[in-house]
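Novice: Could you have a look at this structure, given as structure tokens, before my questions?
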Amino acid sequence: MLFRSLLPRVMKTFAARFPGVMLTLRQGDPLGCCDLVASGEADIGVTTVGEKYLPDIVTVPAYRLARSVITQRGHPLTREKNLTLKKITAFPLVAYSEPYSGRRLVDEAFARAGLKPRIVCSAIDADVSKTYVETGMGVAVLARIAVDAARDRGLVAMEAGHLFKPSMLNLVMRRHAYLGRQALAFVALVAPHIDVALIRRCVEGGDIDAAKLAREVPLATADLC
């Protein structure tokens, strides 16, 4: 959903504002995105990396991603009035690959409940996961915004915020890198609610209260994307 809605809109607006600047979008898993930023191959990453794992990068929380359980339309879980982790484990699970924070949050939720879901396959993104769910391979736990009612008519998204913590969509930048006017404009288009001065301070090595910011950033919704 991020690459299908939010970033194309951002890129279109950016291109209109800076017609002489070439903006290149590269897609990869969270750790790969962080590696690209740390090595200088990319200026800014927008990813769900779980935590700052390289000393050369800084992460700034941008959006919270609430979780939903995704099933085929007509699936037995859609008839449940009270969705529980135990009920979900009765069915095969399509899960993200391990580098994704969404996978870690799902694993932790089941582990806390003393349950072990039967994972039948791992997917690299939400669209692949949804394809597996549509073919009947299992159910999935995805960000709420991953399902578009107009496009995904064969799927049902059930609220699961009471079962799984939201993951965090972060802005990732290289520590002590120079972010010019165009780069800061891109950041402002992706997350207009974040003060650009905070971004500058973070990149320059200043401290930010990331935990407080994570609590305050908005939930990503279809309206934001």
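Novice: Can you tell me which residue within the range 112-148, out of those that are of a type in the set (Gly, Ala, Ser) and farther than 20 Å from LEU65 by Cβ, is farthest from the chain's Cα centre (by Cα)?
Specialist: Applying the filter and picking the extreme gives GLY114.
Novice: When ARG104 is evaluated against the numbered criteria (1) open to solvent by 70 Å² or more (accessible area, probe 1.4 Å); (2) outside any helix (DSSP H, G or I); (3) among the charged types (D, E, K, R), which criterion, by number, is the only one it fails?
Specialist: Here ARG104 meets the rest and fails (2).
Novice: Which residues, taken from the range 198-220, are assigned to a helix (DSSP H, G or I) and open to solvent by 50 Å² or more (accessible area, probe 1.4 Å)?
Specialist: ARG200, ARG201, ALA211, LYS212, ARG215, GLU216
Novice: Please indicate, with yes or no, whether at least one residue in the range 93-109 is among the basic types (Lys, Arg) and touching a helix residue (DSSP H, G or I) at 6+ places or on another chain (Cβ under 9 Å).
Specialist: Filtering the range 93-109 for residues among the basic types (Lys, Arg) gives 103-104.
Subsequent filtering for residues that are touching a helix residue (DSSP H, G or I) at 6+ places or on another chain (Cβ under 9 Å) retains none.
Checked the range 93-109: no residue is among the basic types (Lys, Arg) and touching a helix residue (DSSP H, G or I) at 6+ places or on another chain (Cβ under 9 Å).
Novice: Open to solvent by 50 Å² or more (accessible area, probe 1.4 Å), in contact with a strand residue (DSSP E or B) (Cβ under 8 Å, 6 or more places away or on another chain), outside any helix (DSSP H, G or I) and in contact (Cβ under 8 Å) with a residue 12 or more places away in the chain: is that true of VAL120 in this structure?
Specialist: yes
Novice: Which one is least open to solvent (accessible area, probe 1.4 Å) among residues in the range 177-192 that are closer than 17 Å to GLU204 by Cα, out of contact with any Gly (no Cβ under 9 Å at 6 or more places or on another chain) and not in a helix (DSSP H, G or I)?
Specialist: Per the stated criteria, the residue is GLY180.
Results for (1) open to solvent by 30 Å² or more (accessible area, probe 1.4 Å); (2) touching a Phe, Trp or Tyr at 6+ places or on another chain (Cβ under 7 Å); (3) in a helix (DSSP H, G or I), shown as yes or no for each residue.
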position	(1), (2), (3)
VAL133	no, no, yes
ILE145	no, no, yes
ARG151	yes, no, no
MET158	no, no, no
MET168	yes, no, no
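Novice: Now, a different point. Return yes or no: is ARG4 within 18 Å of SER129 (Cβ to Cβ), among the charged types (D, E, K, R) and either loosely packed, with under 14 Cβ neighbours inside 10 Å or modelled with pLDDT under 85 (or both)?
Specialist: When the stated conditions are applied, ARG4 passes them.
Novice: Looking at (1) within 19 Å of ALA160 (Cβ to Cβ); (2) touching a residue at least 12 places away in the same chain (Cβ under 8 Å); (3) outside any helix (DSSP H, G or I), which one does LYS81 not meet, given that it meets all the others?
Specialist: Going through the list (1) within 19 Å of ALA160 (Cβ to Cβ); (2) touching a residue at least 12 places away in the same chain (Cβ under 8 Å); (3) outside any helix (DSSP H, G or I), LYS81 breaks only (2).
The values are calculated or read from the model by the stated rules, or taken from the named source; none is laboratory data. Predicted model, so just to flag it, every value in this text is computed and none were measured. As a convention, Cβ positions derive from the backbone with ideal geometry for all residues, glycine included, and neighbour counts pool all protein chains shown. Surface accessibility is based on the protein's heavy atoms, side chains included, excluding ligands, DNA and RNA. Shrake-Rupley method; radii C 1.70, N 1.55, O 1.52, S 1.80 Å.
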